[in-house]
1. Of the residues that make up the range 24-33, is at least one modelled with pLDDT of 95 or more, within 19 Å of VAL95 (Cβ to Cβ) and in contact with a Phe, Trp or Tyr (Cβ under 8 Å, 6 or more places away or on another chain)?
2. If I ask for residues that are among the aliphatic types (A, V, I, L, M) and over 15 Å from ASN36 (Cβ atoms), which ones from the range 54-80 would you list?
3. Would you mind listing the helices (runs of 4 or more DSSP H) fully within the range 210-305 where at least 3 residues are at pLDDT 95 or above, crowded, with 18+ Cβ neighbours inside 10 Å and outside the structural domain of ALA121 (by TED's automatic domain parsing)?
4. Of the conditions (1) buried (at least 23 other Cβ atoms within 10 Å of the Cβ); (2) under 17 Å from PHE247 (Cα atoms), ILE87 fails just one. Which one is it?
5. Among the residues of the range 90-100, count how many are polar (S, T, N, Q) and crowded, with 18+ Cβ neighbours inside 10 Å.
6. Hey, could you check the range 1-24 for residues that are aliphatic (A, V, I, L, M) and in a strand (DSSP E or B) and say which is farthest from MET71 (Cα to Cα)?
7. Does ILE117 meet the test of being among the β-branched types (Val, Ile, Thr) and more than 19 Å from ALA297 (Cα to Cα)?
Amino acid sequence: MYVLGIDGGGTKTTAAICDIEGNIQALTTVGPTNPNNPDAKVQDEFDQLVSNLRDINDCALTNVSVIFAGMSGVNRSEDKLRVKQAIFKALNREVTFFSDNDAVNALYSGTLGEPGIVHIAGTGSITFGINHENQRSRVGGWGYLIGDEGSGYDIGKKAIQAVFAAYDQTGPQTSLTDLILEHAMVLEPPDLISEIYEPGKAKSLIAPISKLVFKAADVGDEVAQKIILDAARSTAESTYYLYMKLFQRQQGLIPLILAGGVYKRADWFLPTLEQVMNEKKLPISIVVPKVVPAAGALVAGFKLSGKTVPTVFLEKCMNNGLKQK
């Protein structure tokens, strides 16, 4: 038995083939496959994905019997059908197929198929969970115009707000000013306006600024530190509300998985998260995954096909290109 796990996003798509013993047989990455992204050429990307896998290990691809595709933007039945049809067309055959939102990949990359909560903070953010009765729910994830608190975009936006507050002398001075002006290649804060409000540019400009916030925080900038700590408290609050929805009557520790690019600096979040969990007396165990979400897609494939995840799976993923960097 071979399982194909797909982690499809708005920026890139990663796929891996795994055998019943947990050996990674093939791994590839192509472009975006979010079916709701007007710029994504979904069929072309799946065609390339299958072509790459065939070049790497044609035998494994030919013998894939189960596919799990955890995809960004896949929530409705019609979205799932479109993804299924595109993958089957690329494969030129049909197999047992499951699809879900990519939050499942992120969750299972940390729990290896067990119930839990995942907070994903990349460009956007969402808190998602599945409990022991297989009930699921979410908090947030409604997009940068409505929320996405604690995301890379949110952290970046608050950094820019701090820069303008310093410029207007309504807030403290901050080293974020020089860092952001250099990032945007402009001389003064007012020069940022044309960059920020240029159609289609806001997210790509603002979200990466979150990295500059961590850089400033590392050298003691109090404004940057407060932005990060506020983001951590936002994560804790959304975790609390999701816990109350799904796990209030559950026994034992519930894992909280921290996934997404923002948590490459989990060291800035962990103390605040642990403090808030203790204050609210939540039995939460915080986990930073050792493997990427594509490994979680493989776990979902095993789980939904009624197979046990191999005991050596985690180790073999880490040794074969699926280790979280």
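1. yes
2. Start the filter on the range 54-80 by keeping residues that are among the aliphatic types (A, V, I, L, M), which leaves 56, 60-61, 64, 66-67, 69, 71, 74.
ILE56, ALA60, LEU61, VAL64, VAL66, ILE67, listed by residue number.
3. Values: elements: 222-246, 270-279, 293-304.
Ranges flagged: 293-304.
4. (2)
5. Going through the range 90-100, the residues polar (S, T, N, Q) turn out to be 92, 96, 99.
Keeping just the survivors that are crowded, with 18+ Cβ neighbours inside 10 Å gives 99.
Within the range 90-100, residues that are polar (S, T, N, Q) and crowded, with 18+ Cβ neighbours inside 10 Å number 1.
6. Step one: of the range 1-24, the residues aliphatic (A, V, I, L, M) are 1, 3-4, 6, 15-17, 20, 24.
From the residues that got through so far, the ones that are in a strand (DSSP E or B) too are 3-4, 6, 15-17, 24.
Working: VAL3: 16, LEU4: 14, ILE6: 8, ALA15: 11, ALA16: 14, ILE17: 17, ILE24: 21 Å.
Result: ILE24.
7. Working: among the β-branched types (Val, Ile, Thr): yes; more than 19 Å from ALA297 (Cα to Cα): no.
No; evaluated as a whole, the condition is false for this residue.
Quick grid of which residues meet (1) out of contact with any Leu (no Cβ under 7 Å at 6 or more places or on another chain); (2) at pLDDT 95 or above; (3) polar (S, T, N, Q):
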position	(1), (2), (3)
HIS132	yes, no, no
VAL139	no, no, no
TYR167	yes, yes, no
GLY171	yes, yes, no
THR174	yes, yes, yes
ASP178	yes, yes, no
ALA184	no, no, no
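The values are calculated or read from the model by the stated rules, or taken from the named source; none is laboratory data. Note that the coordinates shown come from a computational prediction; the quantities given were computed from them, not determined experimentally. Here the Cβ is made from the backbone with ideal geometry for all residues, glycine too, and neighbour counts use every protein chain on show.
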